[in-house]
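For reference, the structure discussed in these notes is given below.
The values are calculated or read from the model by the stated rules, or taken from the named source; none is laboratory data. The structure presented is a predicted model; accordingly, all values stated were derived computationally and were not measured. Don't worry about glycine lacking a Cβ; one is built from the backbone with ideal geometry, like all the others, and counts go over all protein chains shown. Surface areas here come from the heavy atoms of the whole protein model, side chains and all, with no ligands, DNA or RNA. Shrake-Rupley method; radii C 1.70, N 1.55, O 1.52, S 1.80 Å.
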Amino acid sequence: MAKKESKQKKVNVRVDFTPMVDMLMLLITFFMLCTTLSKPQTMELTMPSNDKNTQDNQKNEAKASESITLYVTADNKIFYGEGIPQYSNPAWLKETTWGNDGIRKILRNHSTANGVKPVTRIELAVKELNADKAKNPKMYPDSIYQKKLSKIKGGELKDGKVPTLTIIIKPSDNASYKNMVDALDEMQILSIGTYVIDKINSDDAKLLKLKGIRL
Amino acid sequence: MGKVKIKKSDVWIDMTPMSDVMTLLLTFFMLTSTFVKNEPVKVNTPGSVSEIKVPENGVLTILVSPEKDKAGKPTGEGQVFMSIDNTDQLGQPLDAMTGKFGVTLNEKQSKTFKNESTFGVPMNELSGYLAMSTQARQKTLNTKGIPLDSIKGGMSEFQEWVDQARRVNTNLKIALKADATTPYKTVKKVMSELQDMDESHYYMITQLKKQGDE
């Protein structure tokens, strides 16, 4: 009796997992194709209010030598003018190109009345700050870093205050949205803190027409 | 000259570890996934070096795309669509809007509206649009858009929508997603309408571009 009981058959309980793997693969592919893993990038933009009742003491005035007007027009073209707009003088308006050798170079090399090149100076300071941050990240948590960055953008460098540039960006009706973003991008790359997007007024339109530029 | 005896060995591969890994991956994808929204028009955002991410929640996305005629040529005008990431917040603005414009929707229609990720039909066509079949809706939506023209000197339908959405969520963030080729005229109109209602802070959705490549 005892011998018979010990002769139990050992059934192999191996389950084939291959169909399961097949199914999982399918599900994974489905999820991979349907997801957006990385969120898109954004730019923050604060526009002035259209409210006409802005008090005069809330307005800032920029010195003539510290302001540049950019005209972003159709067909990927960009024009710039330094200082106070000279609407009757077409030579004031100069054409340039997008990118490193064009507009970026001009902004970098723009010097103010007392011979400072604010964009170059500020860009250097930001680079220094970033290098410091990369060296010991613990010293620069985000709040401190942002504070220092905005200070530098405001022109307060280690060796005294430099004037900052004020950029007025004026995109025309047929300029593409990409060009406008590109212009804002230049501000970001060059760490320019004060810029504004403005509408083309009738004087601007006249001047651009005088040069034969398609708005 | 002896016969080579090929041993027939059992090639059973154990799939258990494989399926373990698979389940892990699957759970990862399931938990991290946010489904791609079905947008009525394809929008190709411009590149920028900015590295700020879109806020997590409470975002009203305004989709701006250059309008195209039947031949596919841009007409110079633009279309505007909207979507709110939290669809629970769609009901209240819808009720307010239909009340304001005297549109009556039945239960089924308002349910359809809430299930759609993106909306952008003029109010007077809303009822008819929502009664269509899903396929017909998808076809018609990309020819529509929220009107930007002001109504009798007052707020435009677009502004009303933003206003109502703002009432539901006071922390609403506005994100502008426009196609790179959109003429600035259209973007300007949207921006200036937002400015008119003191919505002056917003995000512009872009693609990451490395500094230096032009």
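Worth a mention:
- Semi-axis lengths, Å, segment A:76-123, gyration tensor of Cα atoms, sqrt of 5 times eigenvalues: 20, 16, 6
- Over the C-alpha trace of chain B, radius of gyration and Dmax come out as 24.3, 103 angstrom.
- The modelled label-to-label distance for the pair A:Asn201/A:Ile144, using points 7 Å beyond Cα in the direction of Cβ, is 4.6 nm.
- Here the scattering of the protein assembly as shown is modelled by Debye summation over its C-alpha atoms, one equal scatterer each and no solvent; at q = 0.06, 0.07, 0.13 Å⁻¹ the log10 of I(q)/I(0) is -0.38, -0.49, -1.25.
- Taking every protein chain into account, the 1.4 Å probe leaves A:Lys161 with about 150 Å² of accessible area, to the nearest ten.
- Size descriptor, Kirkwood hydrodynamic radius, that averages inverse alpha-carbon separations across segment A:95-190, Å: 14.9 Å
- Each label was represented as a point 7 Å from its Cα along the Cα-to-Cβ direction; for A:Thr18 and B:Arg137 these points are 4.4 nm apart.
- For segment B:138-212, trypsin sites (Lys or Arg not before Pro) meeting the loop criterion (DSSP other than H, G, I, E, B) and having at most 15 other Cβ atoms within 10 Å: B:Lys152, B:Lys210.
- The alpha carbons of segment A:91-149 occupy a box of 51, 27, 17 Å along the principal axes, longest dimension given first.
- Which of A:Ile68, A:Leu33, A:Val196, positive extreme of dipole for the protein assembly as shown (C-beta unit charges): A:Leu33
- Segment A:137-215: equivalent-ellipsoid semi-axes (sqrt of 5 x gyration tensor eigenvalues, Cα, Å): 35, 15, 8
- Compared with the alpha-carbon gap, the fully stretched path from B:Asn57 to B:Thr104 is longer by 13.9 nm at 0.36 nm per residue.
- Translational D in µm²/s for chain A (Stokes-Einstein at 25 °C, 0.890 mPa s, Kirkwood Rh from C-alpha pairs): 112 µm²/s
- The mean number of partner chain beta-carbon atoms within 10 angstrom of a residue's beta-carbon across peptide B:186-199 is 3.
- Folded to 0 to 90 degrees: helix B:184-196 orientation relative to chain B principal axis, Cα: 70 degrees
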